[in-house]
Every structure is written in C-alpha cells, then in structure tokens.
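Chemist: Shown below is the structure under consideration.
The values are calculated or read from the model by the stated rules, or taken from the named source; none is laboratory data. Not measured: the values here are computed from a predicted model. All Cβ positions, even for glycine, are placed from backbone atoms using ideal geometry, and neighbour counts span all protein chains on display. Just the protein is used for accessible areas: all its heavy atoms, side chains included, with ligands, DNA and RNA removed. Shrake-Rupley method; radii C 1.70, N 1.55, O 1.52, S 1.80 Å.
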Amino acid sequence: MNKIITFTVNGKKRELNVDVRSSLLDVLREIVGMTGAKEGCGVGECGACSVLVDDLLVDSCIYMAVWADGKSIRTVEGECRDGKLSSVQKSYVEKGAVQCGFCTPGFVMASTAFKERFKDKTFTRDDIRREHAGNICRCTGYESIIEAVEQSMEED
Amino acid sequence: MFPLKSYEKAESVDHAIQLLQDNPEARPIAGGTDVLIRLRDGKTGYDHLVDIHQLEALRQIKTDEDGTLVIGSGVTFSMAMESELIREIIPILSTASETVGGPQVRNVATIGGNICNGVTSADSASPLMALNTVLQLEGPRGTRLVPIAEFYLGPGKVDIGQQEILVSFRIGEKDYKGYYGHYHKYAMRNAMDIATIGCAALCKIEANQLTDLRLAYGVAAPVPIRCTNTEQAVIGKPVNRDLIREIESLVEKDVNPRTSWRASKEFRLQIISELSNRVVTQVIEKAGGRIE
Ligand code: FES
Ligand code: FES
C-alpha cells in the first residue's frame with residue numbers, strides 16, 4: 001500500500017514513495033533522515049514530534065504521512081540557516097532552556113509557531129504557556145523555556 | 001506504522017459515500033487525533049479507512065439566506081477559535097474550542113470527529129446541545145437532518161450509518177439570536193485534559209425575567225445531556241438569588257454521573273451543581289440581567 005507524495009521539507013522539494021500506513025514522523029526520521037523530531041509518547045500527548053505543516057504546529061506522530069502531500073514541512077533542522085541559529089534557538093541556548101534536549105526540537109517548533117503568530121501582537125506569559133501546553137519537558141521546569149520565548153520575541 | 005488493512009482517499013463527499021459503500025468495514029478518518037491513537041493502541045474496527053481529511057467541502061463556516069449558521073464537520077478547533085463569524089454569533093463555541101487538548105491537537109482535530117466519536121466529555125457537545133444544533137448527514141439514500149440530542153444513542157454510539165458522512169452542523173437564527181452563552185470546563189489540568197464536567201448555558205432575558213434557559217452538560221451522564229426538567233421549571237421566572245438556588249438544587253435530578261478513576265460520582269454531583277450556579281450567573285449577567 002504505497003503512494004507517491006510530493007512535499008517540501010525545510011524548503012527542499014521531495015518526491016517520495018511512502019507506505020500509506022506511516023506517520024509523518026516515521027517518514028521524516030526513517031526516509032528523509034531527519035531525526036530532529038522525536039517520538040516521546042507516539043499518541044499526541046508530549047509534543048516531542050512537533051513540526052510545522054504549512055506553518056501550523058502538529059504532532060507528526062499522529063499525522064498521516066500522505067497528508068503531507070503538496071504541503072510544506074518545517075522541522076528543527078531547517079531553523080538554523082547558513083550556520084546561524086534562529087532567534088528562538090539562540091534564546092533557548094542563552095536561557096539554558098535545554099537540559100537533556102529530548103523535548104527541545106518539538107519545543108523550538110512550538111515557540112517558532114508562537115513567535116510567527118504573535119510577532120505584531122501583545123501577549124502575556126499565559127499566552128506563552130497556553131501555546132506550549134502540548135509540549136512536555138521533564139527537565140527544565142518550564143521557567144527557562146518561557147524566558148527563552150520572551151527573549152526571542154524581542155529579536156528578529 | 002499504523003496497522004491499516006486498507007486506505008482510500010475521498011475526493012468529495014459523494015466519493016467518500018461511494019468508498020464506504022464499496023467496503024462495509026471502512027470508516028471515515030478526518031483529523032485523526034482519535035482514530036490514529038486507537039489504531040496504534042490496537043483497537044479493532046479502524047483498520048479500513050476512508051480519508052476525508054481536509055476535504056474542502058467540509059471546512060466551511062457560513063450563514064445561509066435564512067440566517068442559519070452552517071459549520072462544516074471538518075472545521076478544526078483552531079478554525080473555530082479564529083472564525084470571526086463564530087465569535088460573533090456563537091462565542092460559546094469559540095470558548096469551548098479553546099479548552100480542547102493543546103495547540104497541536106486543536107490544529108487538526110475536527111468538531112465533526114468530536115461529536116461522531118460519541119464520547120460524553122466532548123467539549124463541543126454541550127455548547128452544540130444548548131444551541132439546538134441539527135446535524136446534516138449525507139448517505140446513499142440522501143440527506144438526513146438529526147437534532148444533536150437525538151444523535152447520541154449511548155456511550156460511544158451515535159446515529160450514523162456506516163455509509164453516512166456527517167457534513168455539517170446547522171444552528172438556526174432563532175436558536176442563537178438574542179442568546180448569551182458560556183461554557184466552563186472543569187478538569188484537573190488547564191490543558192491537555194479531558195473534562196471532569198463540562199457545563200454550557202445559554203439564556204435570554206427580558207425585563208429581568210428569564211425568558212429562556214438552556215443548560216447542557218458533558219460527563220454528567222453516559223452521553224452529553226440537556227437539563228430539560230430544570231429548564232422547564234425555571235423559564236419565565238424573575239431573575240434573583242432564589243432562581244439561581246432553585247436551578248442549583250433542581251439540576252441534580254437531570255443528571256446521572258458515574259464514578260471513574262478521574263472523579264467519584266459524589267464529587268461530580270458537587271461540581272455539577274456548583275457549575276450550574278456559576279455558569280448560569282455568568283450568562284444572566286452577560287444578558288444584562290441583575291441578580292438581586
Ligand atoms: S511523540 Fe508525538 S506527541 Fe508525543
Ligand atoms: S530538556 Fe529534558 S525533557 Fe526537556
């Protein structure tokens with residue numbers, strides 16, 4: 001049960017023959033070879049597998065790979081451009097928002113979605129918390145992550 | 001890998017119905033946030049799928065000539081939250097949508113799926129109940145219009161044939177115009193949680209009299225319910241403290257909660273009556289009523 005899908009991953013066009021039974025996470029990790037997105041729970045609870053599909057944050061573990069057909073996918077690997085970290089990534093590093101790092105690729109995508117959505121709007125810490133509620137971190141206690149998001153909002 | 005035995009992508013509603021007719025074991029998949037998890041858990045009954053994910057015909061939000069608000073079954077919670085039309089006409093559904101799961105889930109999970117899976121905790125169910133929503137189903141024998149209260153047959157069981165597709169939710173102008181509503185979700189966490197109790201209320205006030213009240217709950221019974229006895233007993237009465245107290249005491253007779261690992265029956269009853277007080281007070285105040 002295979003299907004050919006065409007999509008872009010971090011701006012690069014791909015045409016792949018995928019098993020219709022795969023999740024987008026399976027395809028990204030095992031076929032595309034991008035292992036940034038992680039499988040934490042596999043059931044949409046932890047957000048470690050978060051990626052952007054047409055700029056919308058989704059859990060790629062419960063997203064069928066065939067749904068990515070014609071779409072543009074962004075993963076943590078694409079956020080660093082020409083060796084330069086994105087403002088979100090840089091803020092995570094500077095605020096010490098990364099400990100074991102397992103949750104980080106998903107969190108960075110959630111924060112990137114937040115930044116793009118709220119860049120010209122006023123927001124509160126509660127908005128940051130609400131928009132990161134689908135991501136679980138067992139190390140940091142979240143405070144440094146929220147600070148990183150706040151810092152990233154001040155940069156381009 | 002999801003353990004699928006067959007997968008067909010539908011290009012239209014008619015095509016989906018055709019595909020469902022072709023395979024009596026097939027079921028539709030929309031946002032997938034329930035179906036894919038059940039498949040992964042090895043639950044049976046989901047291994048033949050007809051894919052209606054992001055079918056454009058199911059993603060509309062509009063009003064008909066007669067003022068009926070029509071919401072496609074494939075509208076996601078994020079779309080409902082962002083829709084100006086929904087926020088203006090039935091803000092209760094925007095509020096309820098905000099309480100669902102987390103951002104990732106709201107971006108793909110659909111209101112149609114929330115209702116079709118038949119669970120009592122569905123956050124969209126009690127607001128849609130309070131709005132007297134009518135469901136439009138399409139199947140090989142044409143269209144069926146089913147009021148949401150009749151759609152629920154039992155826990156996890158709804159009145160939809162294997163060959164039918166839920167197309168839209170229809171809310172008539174008489175059911176939203178002049179009404180003020182609110183939804184409160186009581187859960188253990190502020191996000192990523194299932195309601196312990198969900199309470200939706202809509203009211204209409206004239207000259208400080210309650211001219212209409214609709215009170216609906218999730219998780220207060222095996223399926224989402226309306227508190228019709230309570231409603232009938234208090235409609236027409238003047239708005240005051242006694243009225244709120246009366247609703248609070250009557251509501252227990254309309255509900256039938258059970259004990260689960262999440263909460264005991266007694267605790268749920270307590271939350272049910274407390275929420276009737278808070279949510280009804282809030283809608284009365286929104287509607288300009290004064291509680292003396
Ligand atoms: S791995 Fe996808 S949400 Fe946990
Ligand atoms: S840094 Fe370890 S889970 Fe978040």
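Chemist: Where residues in segment A:94-107 are away from chain B (no Cβ under 14 Å) and within 16 Å of ligand 1 (Cβ to nearest atom), which of them is farthest from B:Val105 (Cα to Cα)?
Modeler: Looking at residues that are away from chain B (no Cβ under 14 Å) and within 16 Å of ligand 1 (Cβ to nearest atom), I get A:Cys100.
Chemist: Restricting to segment A:1-12, count the residues that are out of contact with any strand residue (DSSP E or B) (no Cβ under 7 Å at 6 or more places or on another chain) and free of Cβ contacts under 8 Å to residues at least 60 places away in the same chain. Give the derivation first.
Modeler: Taking segment A:1-12 first, the residues out of contact with any strand residue (DSSP E or B) (no Cβ under 7 Å at 6 or more places or on another chain) are A:11-12.
Narrowing the set further to residues that are free of Cβ contacts under 8 Å to residues at least 60 places away in the same chain leaves A:12.
Final tally of qualifying residues: 1.
Chemist: Within segment B:76-92, how many residues turn out to be surrounded by 14 or more Cβ atoms within 10 Å (Cβ to Cβ) and either in contact (Cβ under 8 Å) with a residue 60 or more places away in the chain or within 14 Å of another protein chain (Cβ to nearest Cβ) (or both)?
Modeler: Residues flagged as surrounded by 14 or more Cβ atoms within 10 Å (Cβ to Cβ) and either in contact (Cβ under 8 Å) with a residue 60 or more places away in the chain or within 14 Å of another protein chain (Cβ to nearest Cβ) (or both) within segment B:76-92 amount to 9.
Chemist: Let me ask another. Yes or no: segment A:64-72 includes at least one residue that is hydrophobic (A, V, I, L, M, F, W, C) and open to solvent by 20 Å² or more (accessible area, probe 1.4 Å).
Modeler: no
Chemist: Checking the conditions here, which among A:Ala68, A:Ala133 is facing chain B (nearest Cβ under 10 Å) and within 16 Å of ligand 1 (Cβ to nearest atom)?
Modeler: A:Ala133
Chemist: Report the residue count in segment B:96-153 for those that are within 14 Å of chain A (Cβ to nearest Cβ) and of a type outside the set (Asp, Glu).
Modeler: Number of matching residues: 14.
Chemist: Working carefully through the options A:Gly70, A:Gly78, find the one that is more than 17 Å from A:Ala110 (Cα to Cα) and either in contact (Cβ under 8 Å) with a residue 60 or more places away in the chain or not assigned by TED's automatic domain parsing to the domain that holds A:Val18 (or both).
Modeler: Details: A:Gly78 fails: more than 17 Å from A:Ala110 (Cα to Cα).
Just a single option satisfies the conditions, and that option is A:Gly70.
Chemist: Mind telling me which of the residues A:Gly44, A:Gly36 ends up being in a loop (DSSP other than H, G, I, E, B), open to solvent by less than 20 Å² (accessible area, probe 1.4 Å), within 16 Å of A:Phe102 (Cα to Cα) and more than 16 Å from ligand 2 (Cβ to nearest atom)? Write out each step before concluding.
Modeler: Numbers: A:Gly36 fails: more than 16 Å from ligand 2 (Cβ to nearest atom).
So the residue among A:Gly44, A:Gly36 that is in a loop (DSSP other than H, G, I, E, B), open to solvent by less than 20 Å² (accessible area, probe 1.4 Å), within 16 Å of A:Phe102 (Cα to Cα) and more than 16 Å from ligand 2 (Cβ to nearest atom) is A:Gly44.
Chemist: With the requirement that a residue be surrounded by fewer than 17 Cβ atoms within 10 Å (Cβ to Cβ) and in contact with a helix residue (DSSP H, G or I) (Cβ under 9 Å, 6 or more places away or on another chain), what does segment B:18-42 give you?
Modeler: B:Arg27
Chemist: In segment B:47-98, what count of residues is obtained for those that are in a loop (DSSP other than H, G, I, E, B) and over 30 Å from B:Asp22 (Cα atoms)?
Modeler: 7
Chemist: Okay, moving on. Considering each of A:Ser50, A:Ser86, A:Ser91 in turn, give the residue that is open to solvent by less than 50 Å² (accessible area, probe 1.4 Å) and within 16 Å of ligand 1 (Cβ to nearest atom). First the steps, then the outcome.
Modeler: On the way: A:Ser86 fails: within 16 Å of ligand 1 (Cβ to nearest atom); A:Ser91 fails: within 16 Å of ligand 1 (Cβ to nearest atom).
A:Ser50 is the lone residue from the list that is open to solvent by less than 50 Å² (accessible area, probe 1.4 Å) and within 16 Å of ligand 1 (Cβ to nearest atom).
Chemist: Taking the condition within 16 Å of ligand 2 (Cβ to nearest atom) and part of a loop (DSSP other than H, G, I, E, B), does A:Gly70 pass?
Modeler: Spelling it out, it is not the case that A:Gly70 is within 16 Å of ligand 2 (Cβ to nearest atom) and part of a loop (DSSP other than H, G, I, E, B).
Chemist: Could I ask something else about it? Which residue, of B:Ser273, B:Ser260, is free of Cβ contacts under 8 Å to residues at least 12 places away in the same chain and under 24 Å from the mean Cα position of the chain (by Cα)? It would help to see each step written out before you state the result.
Modeler: Working: B:Ser273 fails: free of Cβ contacts under 8 Å to residues at least 12 places away in the same chain.
The match here is B:Ser260.
Chemist: Next question, about the same structure. Listed residues B:Ser126, B:Ser73, B:Ser78; which is under 29 Å from B:Ser276 (Cβ atoms), at pLDDT 95 or above and of a type in the set (Ser, Thr, Tyr)?
Modeler: After ruling out the rest, the residue left standing is B:Ser126.
Chemist: Go through segment B:1-33 residue by residue and tally those that are of a type in the set (Gly, Ala, Ser) and away from every other protein chain (no Cβ under 13 Å).
Modeler: 3
Chemist: Right, here's the next one. Is it the case, given these coordinates, that B:Ile235 is open to solvent by 10 Å² or more (accessible area, probe 1.4 Å), closer than 27 Å to B:Ile89 by Cβ and in contact (Cβ under 8 Å) with a residue 24 or more places away in the chain?
Modeler: Yes; evaluated as a whole, the condition is true for this residue.
Chemist: Still on this structure, I have one more. Out of B:His48, B:His53, report the one residue that is surrounded by fewer than 22 Cβ atoms within 10 Å (Cβ to Cβ), at negative phi, in contact with an Asp or Glu (Cβ under 7 Å, 6 or more places away or on another chain) and not β-branched (Val, Ile, Thr).
Modeler: The unique qualifying residue is B:His48.
Chemist: Return a yes/no flag: does segment A:136-155 have any residue that is within 14 Å of chain B (Cβ to nearest Cβ) and open to solvent by 60 Å² or more (accessible area, probe 1.4 Å).
Modeler: Kept after step one, since they are within 14 Å of chain B (Cβ to nearest Cβ), are these residues of segment A:136-155: A:136-137, A:142, A:149.
Next cut, open to solvent by 60 Å² or more (accessible area, probe 1.4 Å) only: A:136, A:142.
Checking segment A:136-155: at least one residue is within 14 Å of chain B (Cβ to nearest Cβ) and open to solvent by 60 Å² or more (accessible area, probe 1.4 Å).
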